[in-house]
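The block underneath contains the structure these notes are about, expressed in structure tokens.
Only the coordinates and a few stated rules stand behind these numbers; no lab work does. It should be emphasised that the depicted structure is a prediction, and the values quoted were computed from it without experimental measurement. Cβ coordinates were reconstructed from backbone atoms using ideal geometry, including for glycine residues, and neighbour counts include every protein chain displayed.
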Amino acid sequence: SQTIHQWPATLVQPVGSPLSLECTVEGTSNPNLYWYRQAAGRGLQLLFYSVGIGQISSEVPQNLSASRPQDRQFILSSKKLLLSDSGFYLCAWKRSYEQYFGPGTRLTVT
Amino acid sequence: EDQVTQSPEALRLQEGESSSLNCSYTVSGLRGLFWYRQDPGKGPEFLFTLYSAGEEKEKERLKATLTKKESFLHITAPKPEDSATYLCAVQAGIQGAQKLVFGQGTRLTINP
């Protein structure tokens, strides 16, 4: 069966510090992968998606970036965090037409 | 622009009191409509996919239906464990990318 992992689960970072969130998927090969952000009381906003290694599409201009160094690994990064980057970050993978989500990372920028 | 609107924002029911959640959408060429359940502090859990008007899907106390402009999530005789936020999403974009556009969600509370 397929499993998706995210870490860390929670993170508190000061403004201006770097960020690296990791997502890995087990039990499947070459999945489409997605990064979403969910701000408090709001819906999910698609940030990036990837259809293969090294292939990244950005949906929203911002100070975040994404990379896919391996088939089942998706990384979300920032060089300098802003207060507005706080939120719940979710990784998802696609099987057939459905997307399945990981447990999420709660990021608080102080 | 593809758009999804869910109503109501929040709904409180007594245990056993049936009701429906609404998801209205505007999208150019619907490829699929999806319902998810999200518990506090967790990732969304997939519930249903609907592809064409008239289609219905059921799972325990939940039934999802689809028309050309909206979808309903009917909950029959709910229990406290059905309390969660229910998210609706539509699939937009070119085939292959399969991007989802989400609504704001309906926060459902079932009182015992």
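For this structure, a couple of remarks:
- Mean projected area (nm²) of the alpha-carbon convex hull when region A:1-98 is viewed from all directions: 6.4 nm²
- Magnitude of the charge dipole, the protein assembly as shown, Cβ model with Lys/Arg +1 and Asp/Glu -1, debye to 20: 360 debye
- Under the convention that each Lys and Arg Cβ holds +1 and each Asp and Glu Cβ holds -1, the size of the dipole of region B:19-112 around its Cα centre is about 180 debye.
- Our coupling estimate for region A:8-17, obtained by passing each phi through the Karplus curve with A = 6.51, B = -1.76, C = 1.60 and θ = phi - 60°, is x, 6, 9, 8, 10, 10, x, 4, x, 8 Hz, Gly and Pro reported as x.
- Expected-Rg normalisation [2.2 N^0.38 Å, Cα atoms] applied to the protein assembly as shown: 1.03
- Scattering profile of chain B at q = 0.11, 0.17, 0.18, 0.22 Å⁻¹ [log10 I(q)/I(0), Debye over alpha-carbon scatterers]: -0.32, -0.76, -0.84, -1.21
- Short-range pairs are left out: with C-alpha atoms under 8 Å and at least six residues apart, the relative contact order of chain B is 36 percent.
- By the Kirkwood approach, averaging reciprocal distances over each pair of separate Cα atoms, region B:57-112 gets a hydrodynamic radius of 13.1 Å.
- Close amide H contacts of A:SER86 (hydrogens built in the peptide plane, cut-off under 5 Å, sequence separation of 5 or more or a different chain): A:VAL109.
- Charging the Cβ of each Asp and Glu at -1 and of each Lys and Arg at +1, and nothing else, the dipole of region A:3-110 about its Cα centre rounds to 140 debye.
- Residues with amide H under 5 Å from that of B:GLU55, placed H, sequence gap 5 or more: B:LEU66
- Sequence-distant residues sharing a close amide H with A:ASN32 (under 5 Å, placed H): A:LYS94
- Its relative contact order, with pairs defined as Cα atoms under 8 Å and 6+ residues apart, puts chain A at 36 percent.
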